[in-house]
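First comes the structure, then the notes that go with it.
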Amino acid sequence: MTTLVFGHKSPDTDSTGSPILWAWYLNEMKGGNAEAVLLGEPNTEAAFMLNRWDLPKPQIIAEVEEGQACVIVDTNNPAELPENINNADVQAIIDHHKLVGGLETKGPIDITIRPLACTATIIVDLMGDDAARMPDWAKGAALTCILSDTLEFRSPTTTDHDRAVAEKLAAELGINVTEYAAEMFAAKSDVSAFSDAELLRMDSKEYGVGDTKFRVSVLETTAPATVLDRKASLMDSMTSVAAEDGVDQVLLFVVDILNEEATLLVPNDLVKSVAEKSFGATVSGDAVVLPGMMSRKKQIIPNLVV
């Protein structure tokens, strides 16, 4: 049976690249039969990575069959996985997020969760000496994942090890990190083809605070004005997106990569209260700038208060 390797829904660069990397390792280094798949359409930066390194877009799936062998990367949260994930045969988890709980497995499995900025960093480590045998496209994918998750080392989640792995990969490929990251972020920033609802779901995670359920959406960009120019329509769309997704409120943080700050849209009193209680912000309009706010995992979600 083919082992499916996949990350979370609304796949970003890491959840697109890491399944491809681990499937390559299982197939080429371990003699396995693995296939990387996605749980949704990759975002623009992930699509850039696929095009830049001439990689076919993995098949998109919605569910997994009962007993399907699979490896989960870049998440361990059942809410970010197919609804029937506990009926599958999960064989391993490779992740860099906090342990959520709720996954059930058929038997003991390999679990690797490390406090690093990127799953691809962990995957390169797990490959050991075999990492040196990665073809250029795999090295390029791993580099792209790390630069994406660290925002070219600007994110507070960045570790010295993430930086060292990325710089080693870049040197082996003969790539200038700053120039390549600028290409990546330009691709990430081009959201003109997406509807408001697509933008609100593009890079988002569901998270509950007490009895309140949020969809916490982050748009990382070097051109925040292109998103903020759509502020009114984005806020109008939050109501329908929240209703369709079964959450109480969408929180949208527009992260300005270059200025290292985030703008939170404030469509109502609930979000105003969240901004003030969670981040000590003073809110006087329909948006508030949060200096230094770069990471959903380390700065946004842990501080959310209702």
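We did not get these values from a lab; they are worked out from the coordinates using the rules stated. For clarity, every value in this text was computed on a predicted model and none was experimentally measured. Glycine gets a Cβ as well: all are built from the backbone with ideal geometry, and neighbour counts include every protein chain shown.
At-a-glance table
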| item | result |
| --- | --- |
| ³J(HN,Hα) computed for each position of segment 202-217 - Karplus, 6.51 cos²θ - 1.76 cosθ + 1.60, integer Hz, glycine/proline x | 4, 10, 9, 9, 7, 8, x, 10, x, 8, 9, 9, 10, 9, 8, 9 |
| Between segment 236-270 and segment 174-192, the alpha-carbon center distance in angstrom | 24 Å |
| Sequence-separation-based contact order of the chain, relative, with Cα cut under 8 Å and 6+ spacing, percent | 13 percent |
| Distant-in-sequence amide H partners of G208 (H built 1.01 Å from N, under 5 Å) | F214 |
| Crossing angle, helix 269-279 versus the chain [Cα axis fit, 0-90 degrees, rounded to tens] | 60 degrees |
| Inter-label distance for K57 and E41, nm, one decimal - labels placed 7 Å from Cα along Cα-to-Cβ | 0.8 nm |
| Integer Hz, Karplus 6.51/-1.76/1.60 couplings in order for segment 10-15, x for Gly and Pro | 6, x, 8, 5, 5, 6 |
| Distance in nm between pseudo-label sites at K30 and N87 (7 Å out along the Cβ direction from Cα) | 2.6 nm |
| Positive-end residue, segment 3-186 charge dipole about Cα centroid, Cβ charges, pick of W24, I113, N84 | I113 |
| Fewest-first sequence of C145, C118, C70 by Cβ atoms within 10 Å of each Cβ | C70, C118, C145 |
| Note, ³J(HN,Hα) from phi for segment 108-123, Karplus 6.51, -1.76, 1.60, rounded to Hz, x at Gly and Pro | x, 9, 7, 10, 10, 10, 10, x, 10, 6, 8, 5, 4, 4, 5, 4 |
| Stokes-Einstein diffusion coefficient of the chain, Kirkwood radius over Cα pairs, 20 °C, 1.002 mPa s, in µm²/s | 109 µm²/s |
| Centroid-to-centroid separation of segment 38-69 and segment 83-160 [C-alpha atoms, Å] | 15 Å |
| Equivalent ellipsoid dimensions for segment 27-100 as semi-axes, Å, which come from the Cα gyration tensor, largest first | 22, 16, 13 |
| Cα gyration tensor of segment 208-256 - equivalent ellipsoid semi-axes, whole Å, descending | 22, 13, 6 |
| Using alpha carbons only: equivalent-ellipsoid semi-axes of segment 101-162, gyration tensor based, whole Å | 23, 18, 10 |
| Nonlocal amide H pairs with E220, under 5 Å, H built at 1.01 Å | V255 |
| Whole-number D in µm² s⁻¹ for segment 60-177, Kirkwood Cα-pair radius fed into Stokes-Einstein, 10 °C, 1.306 mPa s | 103 µm²/s |
| Among 253-260, 21-28, 154-161, the order from most to least packed when residues are scored by Cβ within 10 Å on average | 21-28, 253-260, 154-161 |
| Neighbour-count order for K57, K139, fewest beta carbons within 10 angstrom listed first | K57, K139 |
| Surface/4 of the Cα convex hull for segment 196-303, nm² | 6.1 nm² |
| Cα-projected label distance for A197 with R133, points at 7 Å along beta-carbon direction, nm | 4.7 nm |
| Assigned charges on the beta-carbon of Lys, Arg, Asp, Glu; segment 3-186 dipole about Cα centre (debye) | 200 debye |
| Mean separation of Cα contacts under 8 Å, 6 or more apart, over the residue count of segment 8-109: relative contact order % | 24 percent |
